[in-house]
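Participant: Structure below; questions to follow.
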Amino acid sequence: MPFIINKGYKNLYYAYTNKRLIVRKGAFGNSYDSLDYKNITSVSVQVGFLDRNTNTGSLRFVSPSSHHEHPLIFANIENPYQEMNKIKEEINKTNV
């Protein structure tokens, strides 16, 4: 069952399923980025100064193909640590 986060921007959605992460974005059209859980090598939460005031943060997912320079990012996520824990549970289910 997918979980979708609408960030309030017209074409920006984040989703995670039982197999992968998906980002849909685009100002005039839609483009998609996805990352299979089996390819994720690193996950992290970043909470900046402004994020602390709004209880938001960014979730970063790194794979061998994305390297650390271009990770898949879910930005401005409410309760980022709780969301990261939910996604890690899905990752762990597929990597068993």
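The values are calculated or read from the model by the stated rules, or taken from the named source; none is laboratory data. Quick caveat, the model's predicted, so the values are computed rather than measured. Note that each Cβ is placed from the backbone with ideal geometry, even for glycine, and that neighbours are counted across all protein chains shown. Each accessible area value is taken on the protein alone, full model and side chains, heavy atoms only, with ligands, DNA and RNA left out. Shrake-Rupley method; radii C 1.70, N 1.55, O 1.52, S 1.80 Å.
Participant: So in the range 30-56, with the set limited to residues that are open to solvent by less than 40 Å² (accessible area, probe 1.4 Å) and part of a loop (DSSP other than H, G, I, E, B), which one is nearest to Glu90 (Cα to Cα)?
Facilitator: Selected residue: Ile40.
Participant: If you check every pair at least six apart or on different chains, which have Cβ atoms under 8 Å apart with a residue in the range 10-28 that is within 17 Å of Leu59 (Cα to Cα) and open to solvent by less than 30 Å² (accessible area, probe 1.4 Å) first and a residue that is of a type in the set (Ser, Thr, Tyr) and modelled with pLDDT of 85 or more second?
Facilitator: Filtered contacts from the range 10-28: Leu21/Tyr14; Leu21/Ser34; Leu21/Tyr37; Val23/Tyr13; Val23/Tyr14; Val23/Tyr32; Val23/Ser34.
Participant: Report every pair of residues separated by at least 6 positions or lying on different chains whose Cβ atoms are under 9 Å apart, first residue within the range 66-93 and on the phi > 0 side of the Ramachandran plot, second open to solvent by less than 80 Å² (accessible area, probe 1.4 Å) and not in a strand (DSSP E or B).
Facilitator: Sorted first by the residue in the range 66-93, then by its partner, the pairs are Asn76/Lys7; Asn76/Gly8; Asn76/Asp51.
Participant: Within the range 57-78, count every residue that is open to solvent by less than 60 Å² (accessible area, probe 1.4 Å) and under 13 Å from the mean Cα position of the chain (by Cα).
Facilitator: At the first step, the residues of the range 57-78 found to be open to solvent by less than 60 Å² (accessible area, probe 1.4 Å) are 57-63, 66, 71-72, 74-75, 77.
Narrowing the set further to residues that are under 13 Å from the mean Cα position of the chain (by Cα) leaves 57-63, 71-72, 74-75, 77.
The number of residues fulfilling the criteria is 12.
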